[in-house]
Amino acid sequence: MNQLEPRSRIAVIGLAGATLSALDTLARDGVLPFVAQWQTTAVRAPLQSAAPLTSVAAWITMVTGRTAAEHGIFDLYRKQSPEGHQLRALTSRDLPCETVWSLLNREGRKTTVLDLPLTVPPPRIEGHVLPGSWATPRQLKLGCHPSDLSKRLVEQAGVQLDALAMSEPGDDPVAWVETQIEREAQLFRALRFLRDSEPADLVLILARAFGLVYALYAANREARPKCAAYFRALDDNLRELAGTDTTLFLISEPGAGRSSHTFAVNAWLAEHGYLAWVDGPAARPSEYKAVDTDQLNRQAKLIDWERTQAYAPLAGTAAIHIAAADADYKAVRDRLAEELLAAPEVHRVWKREDLYEGPHIDIAPDLVIETKPGVAISPFSSAPDAARFDTVPDGSGGALLANGPQLRHGISLPPLSILDVAPLLCYCLGLPIPADLKGAVPVDAIDPGVLAASPVQVGPGGSGRAPEERVLDPQAETVILKRLQDLGYLE
């Protein structure tokens, strides 16, 4: 039995790379006029993570309410086995636990999921799944749920699937921002069509360009007018989406914001004698970029494993894996952690047992680097404009703003954990909170009258789920992960 009947529909808009300070700046500049007015009556809180997480791991944590060691998603790839060095790309089939939408599905209620990571192959739920830029237009025909969704979006809503591709800014940032305006116009067009024709209890959509556009807005005078147009278009979409019967959440993952320089992990490891290349020092040519499982494994051949004690996956993360013999493991890891801490770019070095606790800890990185503010991390000598790891020691990177009839109005809360997002969504949706979630409902965000009438109820755990039957063919995986590479999720 539900703990309460839902009093409003829930819309969750992910603003990838946003911060509260960025939103405040844009509101003051007048380019987010609706958000500026809307947030005066919203619940507002920074979002923190106890561990530095990739963007993908953070979003999965927020929709599952479980740590990375529990859901097993540390990045867009993982080791084939705890003992080996081979990596493989991940799909939705690798997610072993419930999501907010699968919990709703148990109740026979609908969810619309647009452009979230690890939704290929699509979960079979009541509602709709559009992987968007995580899939090619060809794959969208197979990767959408229901199977005819892409056809209906094109023929009935006029959605241009080709526009859903994602890329990083290149030599013409103004043109790139223009493509992001059009891309999000297509996403919100799909959302409005589905809302009007087949409304769902929960809508989740990710505005993936937000952080990169803000970086350009802050640093590139030539691109600033077009960036402002991007934010005004987003603001218009948010205004249209919000309403008296909708509880609107704006959420961003904890992150570092813009970076001014890069810490090249493997170059540092090679310089300090921990890593050896087969053919000498590795640069960053295109053939070293990871776009599928086969290329991830081919990259392993670039490393001389007989002379290597530690390495960072060449796909690019803050993760370091120890390749020393078992007898030397502890000594190598302790020495390496101490030496890394002496590097001027490094704020902290985490051992995996200090970060993670759960059934997937054996495939977690051995060490995770937390860099200082303004420092991005890369396996090579350059990195995307927006760092992918939380390098903000005070945890100010992420944000949660929410406004709706179940919530208190105009209140700022102390920092919340990203683990609290899923319990809060469950409560607002009228779902019992699964007992095995690590977070908790932030009751200070709930209207006292609502909370008194409908106290938080805990239900049975829901950590397990059956694996998906559908798999990606190698060609589809290659093209999908090439788009992730262009976005900067893979190096």
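The values are calculated or read from the model by the stated rules, or taken from the named source; none is laboratory data. Model, not experiment: these values are computed from the prediction. Quick reminder, even Gly has a Cβ in these numbers, built from the backbone with ideal geometry, and neighbours come from all protein chains shown.
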**Study point:** Any pair with Cβ under 7 angstrom, 6 or more apart, that starts in region 188-215 at a residue that is in contact (Cβ under 8 Å) with a residue 24 or more places away in the chain and over 17 Å from ASP236 (Cβ atoms) and ends at one that is surrounded by 24 or more Cβ atoms within 10 Å (Cβ to Cβ) and aromatic (Phe, Trp, Tyr)
**Key:** LEU202/TRP101
Practice item. Just give me the residues in region 111-124 being at pLDDT 90 or above and farther than 25 Å from PRO460 by Cα, in sequence order. Key: LEU114, ASP115, LEU116
**Study point:** Every residue from region 327-355 that is within 19 Å of ALA50 (Cβ to Cβ) and of a type in the set (D, E, K, R)
**Key:** ARG348, LYS351, ARG352, GLU353, ASP354
Exercise for review: Scan (1) under 21 Å from PHE231 (Cα atoms); (2) touching a strand residue (DSSP E or B) at 6+ places or on another chain (Cβ under 6 Å) for the single condition CYS144 breaks and write down its number.
Suggested key: (1)
**Study point:** Selection from region 164-175 of residues that are free of Cβ contacts under 8 Å to residues at least 12 places away in the same chain and either under 19 Å from LEU153 (Cα atoms) or touching a helix residue (DSSP H, G or I) at 6+ places or on another chain (Cβ under 8 Å) (or both)
**Key:** GLY170
**Study point:** Selection from region 140-151 of residues that are part of a helix (DSSP H, G or I) and either within 14 Å of LEU187 (Cα to Cα) or of a type in the set (Phe, Trp, Tyr) (or both)
**Key:** LEU140, LEU149, SER150
**Study point:** Residue check for GLY158: on the phi > 0 side of the Ramachandran plot and surrounded by fewer than 20 Cβ atoms within 10 Å (Cβ to Cβ)
**Key:** yes
Exercise for review: Within region 168-200, work out how many residues are in a loop (DSSP other than H, G, I, E, B) and in contact with a Phe, Trp or Tyr (Cβ under 7 Å, 6 or more places away or on another chain).
Suggested key: 2
**Study point:** Members of region 32-62 found to be farther than 20 Å from ASP354 by Cβ and under 10 Å from the mean Cα position of the chain (by Cα), listed by number
**Key:** SER55, VAL56, TRP59, ILE60, MET62
**Study point:** strands (runs of 3 or more DSSP E) within region 4-110 that include 1 or more residues at pLDDT 90 or above and crowded, with 24+ Cβ neighbours inside 10 Å
**Key:** 9-15, 43-48
Check your understanding: Assuming ALA68 fulfils every condition listed in (1) touching a helix residue (DSSP H, G or I) at 6+ places or on another chain (Cβ under 8 Å); (2) under 16 Å from LEU416 (Cα atoms); (3) of a type in the set (Gly, Ala, Ser) apart from one, which condition is it?
Key -> (2)
Point to revise | Hits in region 402-433 (condition: part of a loop (DSSP other than H, G, I, E, B) and over 22 Å from ALA57 (Cβ atoms)) | key: GLY404, PRO405, GLN406, ARG408, HIS409, GLY410, LEU413, PRO414, LEU429, GLY430, LEU431, PRO432
